[in-house]
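Here is the structure we will look at, set down as structure tokens.
The values are calculated or read from the model by the stated rules, or taken from the named source; none is laboratory data. Since this is a predicted model, take the numbers as computed values, not measurements. Cβ placement follows ideal geometry from the backbone for every residue including glycine, while neighbour counts extend to all protein chains displayed. When the accessible area is computed, the model is the full protein with side chains, heavy atoms only, and any ligands, DNA or RNA have been set aside. Shrake-Rupley method; radii C 1.70, N 1.55, O 1.52, S 1.80 Å.
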Amino acid sequence: MFTGIVEELGEVAAVEDLGDSSRFRLRGPLVTADAKHGDSIAVNGVCLTVVDTAGGEFTADVMAETLKRSSLGALVPGSRVNLERPMALGGRLGGHLVQGHVDGTGIITGREPGEHWEIVTVSLPPGLARYVVEKGSITVDGVSLTVVDAADDHFTVSLIPTTLGLTTLGIKKAGDPVNLEVDVLAKYVERLLGAGAPPAGAHAAGAAAAAAGEAAGEAAA
């Protein structure tokens, strides 16, 4: 589990095409300082498993499904990436609960610079808009952000100087893809409400069954 607070702006050192997957070598001295084989590190919001570490770098295998559902397939040597280690039990939850499971990719469609911040507009894939609400949380390339405005096909976020300077969101431009993970709590609520609601027509069927039962009881009397 992550928090969406980026620890380090890393860099892709190498990408090896393995046919049905890719092996990435990523540079990140801070996040690899205590990393070992089997640990997790979020790369642009995607939870990856560390294969090995050496010299401030780590390698991770990325399966075809991950490459298809995220923007990691567009990374090349020299690409900058947001890196975060999992939150330690008892640590501070500085952002929000982030799983590192990307729900889809959006496209940066606009940037509006201000004096001390920048408004960024990101497109929303079909099916994700219902999970995005004004003042709610969303993860963009692994960064926990607060939604400013939400629409059916896009949302906006306001980026402070720290976010612009310490994450890839400061260098992304219009047309660039970003990984999106919506608030998992919204998905659980939707699932629970759907599971608790009777299926369509259940009320009518129940009423008819009750009426038939009453009629049968009267006939027996």
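Sort out the exposed loop trypsin sites (Lys or Arg not before Pro) in the chain (DSSP loop, at most 16 other Cβ within 10 Å) and tell me the longest stretch that has none.
Values: sites that count: Lys36, Arg92, Lys135, Lys173.
The reported range is 37-91.
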Degrees separating the helix 202-220 axis from the principal Cα axis of the chain, which is the longest one: 20 degrees
GNM flexibility winner over the chain from Leu159, Leu169, Leu185 (Cα, springs under 10 Å): Leu185
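Taking all protein chains in place and a 1.4 Å probe, what share, in percent, of the accessible surface of the chain do carbon and sulfur account for? Before the final figure, lay out each step's value.
Values: 6750 of 11800 Å².
Exposed carbon and sulfur together represent 57 percent of the surface.
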5 angstrom amide H check on Gly104, placed H, neighbours 5+ away: Leu180
Long pairs among Lys135/Lys187; Lys68/Lys187; Lys36/Lys187; Lys68/Lys172; Lys36/Lys135, criterion Cα-Cα beyond 25 Å: Lys36/Lys187; Lys36/Lys135
Highest-MSF residue in the chain out of Asp176, Asp20, Asp149 [GNM, Cα springs under 10 Å]: Asp20
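Once the other residues with Cβ under 10 Å from the Cβ of Thr146 are scored (Lys, Arg +1; Asp, Glu -1), what is the net sum?
Details: positive: Lys135; negative: Glu134.
Cβ neighbours under 10 Å give a net charge of 0.
Probe of 1.4 angstrom, ligands and nucleic acids ignored: what's the accessible area per residue over region 49-152, in square angstrom? Each step should come with its number before you reach the end.
Working: 5350 Å² over 104 residues.
For region 49-152, the per-residue accessible area is 51 Å².
What net charge is computed for the residues neighbouring Ala14, neighbours being all others with C-beta under 10 Å from the C-beta of Ala14, Lys and Arg scored +1, Asp and Glu -1? Display every interim value, and only then the final one.
On the way: positive: Arg23, Arg25, Arg27; negative: Glu16, Glu57.
Local net charge: +1.
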Phi to ³J(HN,Hα) by Karplus 6.51 cos²θ - 1.76 cosθ + 1.60 over region 118-123, Hz, x for Gly, Pro: 9, 8, 10, 9, 10, 6
Estimated FRET transfer efficiency when R0 is 25 angstrom, pair Glu115-Asp149 (beta carbons, to 0.05): 0.80
Between 0 and 90°, nearest 10: helix 184-196 axis offset from the chain longest Cα axis: 10 degrees
